[in-house]
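Have a look at the structure below before the remarks.
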Amino acid sequence: MKYSKISIITPSFNQAQYLEQTILSVLNQNYPNLEYIIIDGGSTDGSVEIIKKYEKHLAYWVSEKDNGQSEAINKGIKKSTGEIINWLNSDDYYEQDTLHKIANAFSNKETNVVCAHGKIFDSKTNTTLYISNGTDIYDNNLPKTIGWARIDQPETFFRKSVFDTLGLLNPDLRYLMDREFWLRYLFFYGLNGIKKMDAVIVNFRIHPQSKTSNQKSFFQIEHDTLFYQLAKQHSLHSHQNFIKQNFSINEDIEMTMINSDNFPELIGRALNYYLLLRANEFYASDQKKNAQKILAQIKINLLSDKDRQLYKKLHFRNKFIPVPVLNLIRKILHQ
């Protein structure tokens, strides 16, 4: 049997307490055609000593100061020669047999992306919080998949040819570099070449030092900035101005240019779905005025029949049912 070469990149910086478990979860896959690369940002906490312990099993490693996670991952991608690529952060770890499952899922040459599931767990209590749904794919609805773009990166693997076509991660982004890359994929390939795999393959650690735990507001700023830049690039001024006036954005972030000559309507529909997502989020956080302002911007005729029902439900609830009341009703019904 021919095993496709898989390149795994671990960007690392001062996470020695988790790093060895991460490394072993890759090496103990016993995958016969593995290329493992570690890019350390100049750690001073003992990480380098751990990396040296396993260096004979590594295709490449380096420890030097860099400009953050995106640059570290890009260094690894440039070194990668595998047919399949992903990165595994130094505080996460794989389930057994992950790489064999991934290789098998890529056996169809038309497959460009494989999306699986991950276990999100609390590092302090070592308890599972939930199993991820995996990267969101809305069948036959590309605008929604773009507008509601959410990628579970640790369990989403790409062919190297995708990076060859789309380029590297955006170094301006520190939180949603994976989501920006995913947007580029969707605009270029559409929903083609994506395979969903019903397997839990990675463990994603929530701990006090993780960005996911303590820097959530920065994720939101980059999320809104991505769609602001998308509107700005393609002269959709009403969307651009509305996002700038109502959300926190960072204009210093430049989004990788997406050629829209063939799909201006797609971008408008995707932005419409983005606004529906944000309205839903504002309603869920009981910010009714903001939710109503966003709902007024949404063109219901650009939504699918199913999502028109969501819009109407959200509009009614935002007007008449405060979130605490809705939560109480749900609690009573589930007793």
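The values are calculated or read from the model by the stated rules, or taken from the named source; none is laboratory data. Please read these numbers as outputs of a predicted model, since none were measured by experiment. Here the Cβ is made from the backbone with ideal geometry for all residues, glycine too, and neighbour counts use every protein chain on show. Remember, those area values only see protein heavy atoms, side chains included, never the ligands or the DNA or RNA. Shrake-Rupley method; radii C 1.70, N 1.55, O 1.52, S 1.80 Å.
Of note:
- Within the option set 98, 81, being open to solvent by 10 Å² or more (accessible area, probe 1.4 Å) and either over 14 Å from residue 4 (Cα atoms) or modelled with pLDDT of 95 or more (or both) holds for one residue only, 81.
- Within region 45-70, the set of residues being among the acidic types (Asp, Glu) and either buried (at least 18 other Cβ atoms within 10 Å of the Cβ) or in contact with a Leu (Cβ under 6 Å, 6 or more places away or on another chain) (or both) comprises 66 only.
- Some residue of region 280-287 being open to solvent by less than 20 Å² (accessible area, probe 1.4 Å) and at pLDDT below 95: yes
Residue by residue, here is whether (1) at pLDDT 90 or above; (2) under 27 Å from the mean Cα position of the chain (by Cα); (3) more than 25 Å from residue 182 (Cα to Cα); (4) not in a helix (DSSP H, G or I) holds:
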{"position": "244", "(1), (2), (3), (4)": "yes, yes, no, no"}
{"position": "248", "(1), (2), (3), (4)": "yes, yes, no, yes"}
{"position": "289", "(1), (2), (3), (4)": "yes, no, yes, no"}
{"position": "327", "(1), (2), (3), (4)": "no, no, yes, no"}
{"position": "335", "(1), (2), (3), (4)": "no, no, yes, yes"}
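- Consider region 137-158 and keep the residues that are more than 12 Å from the chain's Cα centre (by Cα) and polar (S, T, N, Q). The one that is modelled with the lowest pLDDT is 140.
- Pairs where the first residue, in region 230-252, is surrounded by 20 or more Cβ atoms within 10 Å (Cβ to Cβ) and the second is in a loop (DSSP other than H, G, I, E, B) and at pLDDT 95 or above, C-beta under 7 Å, 6+ apart: 243/249
- Candidates 294, 300, 258: the one that is at pLDDT 95 or above, of a type outside the set (S, T, N, Q) and touching a Phe, Trp or Tyr at 6+ places or on another chain (Cβ under 6 Å) is 300.
- Filtering region 1-36 to residues that are open to solvent by less than 10 Å² (accessible area, probe 1.4 Å), without any contact (Cβ under 8 Å) to a residue 60 or more places away in the chain and among the small types (Gly, Ala, Ser) leaves nothing.
- Checking each residue of region 214-229 against the condition of being assigned to a helix (DSSP H, G or I), closer than 17 Å to residue 136 by Cβ, among the charged types (D, E, K, R) and open to solvent by less than 10 Å² (accessible area, probe 1.4 Å) gives no match.
- Any chance residue 42 is open to solvent by 10 Å² or more (accessible area, probe 1.4 Å), of a type in the set (Gly, Ala, Ser) and at pLDDT below 95: no
- Taken over region 158-198, the criterion of being among the polar types (S, T, N, Q) and within 21 Å of residue 107 (Cα to Cα) is satisfied by 161, 165, 192.
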